[in-house]
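Data block below; observations after.
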Amino acid sequence: MNNGLALERPDPVWEADELAVHWPRAAGERRVDSAAETTPLTVLAAVPSAPLLEVRDLVITYENQNTGELTEAVSHVSLNIQAGEFVTIVGLSGCGKSSFLNAVAGLVKPASGTMKVAGKRIDGPGPDRSVVFQKATLLPWRTVMDNIIYGLELRGVPKPIARERAESCIDLVRLRGFEHFHPHALSGGMQQRVNLARALVTEPQLLLLDEPFAALDAITRETMQNELLSIWNVTRKTVLMVTHQIDEAVLLSDRVIVFSDRPARIGTEFKINLPRPRTQEARYSPAFDYLAKEVFGVIHSSASKREEPEYVI
Amino acid sequence: MSSDARRFRARKFRENLFSLGLSGGVFVLLFATWEFVARAHLVDPMFSSSPSQVLLTGWELINNGTLLKHVLASGKVFLTGFGLAVILGIPIGVALGWFKWFNRAFSPLVSAFYTMPRIALMPLFIIWFGLGMGSKVALILLSAIFPLIVNMQVAMQNIDADYKRVGIAYGANQWQLFSTVALPSSIPFLLTGLRLAMGRGLLGVVAAEVFGGAEGLGYMIQYAGATFQIDVVFVGVVVIATIGVIMDRSLAYASRRVDSWKITET
């Protein structure tokens, strides 16, 4: 199963060429940041053991639309994710974890810091990453199939070829037979499957999940977690997920990272050593309980620092 | 089909039939009263005409080709003006809604024209474009274009931000965002705009032809009124109303068809 992983990793030499082509444009557009200046050029030659996602000293600020006041949402976060790893960030609602994910997706421009996927600098959205949004946000005028191939279509893949490539994804997320439905005819869980398939079909190196099951009811959520576990078993994608469900984080991940309350900083990191492949059965092991309690403890301590604690479990 | 579904459809059919009979009954009653009042000389038939007289005159106008001549003349003017409004109005509205700077530059101008009664410009148009087709087309164009501009502008400004975000996340450029997100989601607005524009355009035709010229339904009505041919006036009114209803219904039908993605597919 792990040889799928080897296939996904690009040749490092080719990577360096790619960088050489894009570097001047990327450097010109960005504001001066100290990390990039002090980083020696050797970083350009990515070595195979380098992490797939490399985030260094990331700062994200938001401007208040009325006053122009700047608020820090993410403060000097550094994070590495190895290829094939499933990493989840948990934290209170509004702690800045979604901002972090959006920055990695290229949807939010950070104030400073560097982000690289497979050695390639993140400068906006790219084909190496796909996002599964919390809301399915399927285009209502497109059928399930046409929603799934949307990303491929935008990249100029001809429709018949895109449809062919989507076939295996449709089986993977169990949407066979629903290809010609419109999103309105689907349940929330089904819509989220389409959302997932749309992300998988572009074959990203890094899959970004933004609270993907938060809007689903408890039972559908569990089903979707099972699906995600089995999909991950097949694809071994590198995943960065954001959630506020502690049990979900522990169940799915290799590593759980707790973000401190706003502005987000890396709080505590937990290695989840539960055996793979996992199922919902993993919930009943004492190790699961122990880890969930530990994570909860760390989150709770950051919650109690809030002046108006609104996070009650 | 299950027996439940059959019963349901039968009930729906009866309900539809009943409402059709109801609205038809109102018309019949109205015309019967009119006919009676005219025949009993309760009002002067010279001023009121009567349904039977209108029908007779209508038949005559159809047979001698007068009606067709006027309908074609009006139709030509309408289609030219309406067509130009569609060709110009949609891109202008899209640009106003899509480009912020364009909106800032031209929005006040559009508002100024939007609120102005177009018929007030007719004397100017006659001076500029003559009494023929030019001035009429100009009036129709100016009447029909604004609903299209405003609706397309609103459509562009109301694109769901989440859909845009999906497009951006999957690497859409500006053109792709426009063609895969903005355009499809603007179709309902476009159809509303077309319906409104059509109504305004129809008003424009009649107004322009009443104002001046020598052919068209508006001219026919105006001339008939001036010469006390009340039945001819009514024929003109009925023809215009019928054309309007047919066009409006077909656009309404088109809207429902286009919105079919909102309906569950089986």
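Here are some notes:
- Shielding of peptide B:169-179 by partners, expressed as the average count of other chain Cβ atoms within 10 Å per residue Cβ, is 5.
- Look at where the Cα atoms of region B:1-54 and of region B:189-255 average out, and the two centres are 23 Å apart.
- Full extension of the segment from B:Lys164 to B:Thr80, taken as 0.36 nm per residue of separation minus the current Cα-Cα distance, would add 26.6 nm.
- Förster-model FRET efficiency, 45 Å R0, A:His180 and B:Thr227, C-beta, rounded to 0.05: 0.10
- Pairwise FRET efficiency - A:His76 versus A:Lys293, Cβ, R0 = 35 Å, nearest 0.05: 0.75
- Pair B:Asp44, B:Glu15: separation of 7 Å Cα→Cβ label points (nm): 5.0
- Taking every residue in A:174-186 and counting other chain Cβ atoms within 10 Å of its Cβ, the average works out to 2.
- Reachable lysines from A:Lys109, criterion Cα separation under 19 angstrom, eight or more residues apart if same chain: A:Lys97, A:Lys120, B:Lys164
- Exercise: per-residue mean of other protein chain Cβ atoms within 10 Å, A:137-145: 5
- Whole-angstrom gap from region A:244-271 to region A:183-197, using each part's C-alpha centre: 27
- Sites B:Phe129 and B:Lys100, calculated FRET efficiency, Cβ-Cβ separation with R0 30 Å, nearest 0.05: 0.30
- Summary of packing: across the peptides B:237-243, B:15-21, B:146-152, A:91-97, the per-residue average of other C-beta atoms within 10 Å ranks them, highest first, as B:146-152, A:91-97, B:237-243, B:15-21.
Just so you know, all these numbers are worked out from the coordinates, no wet-lab data involved. Predicted model only: the values in this text are computed from it and were never measured. Backbone-built Cβ (ideal geometry, glycine too); neighbour counts: all protein chains shown.
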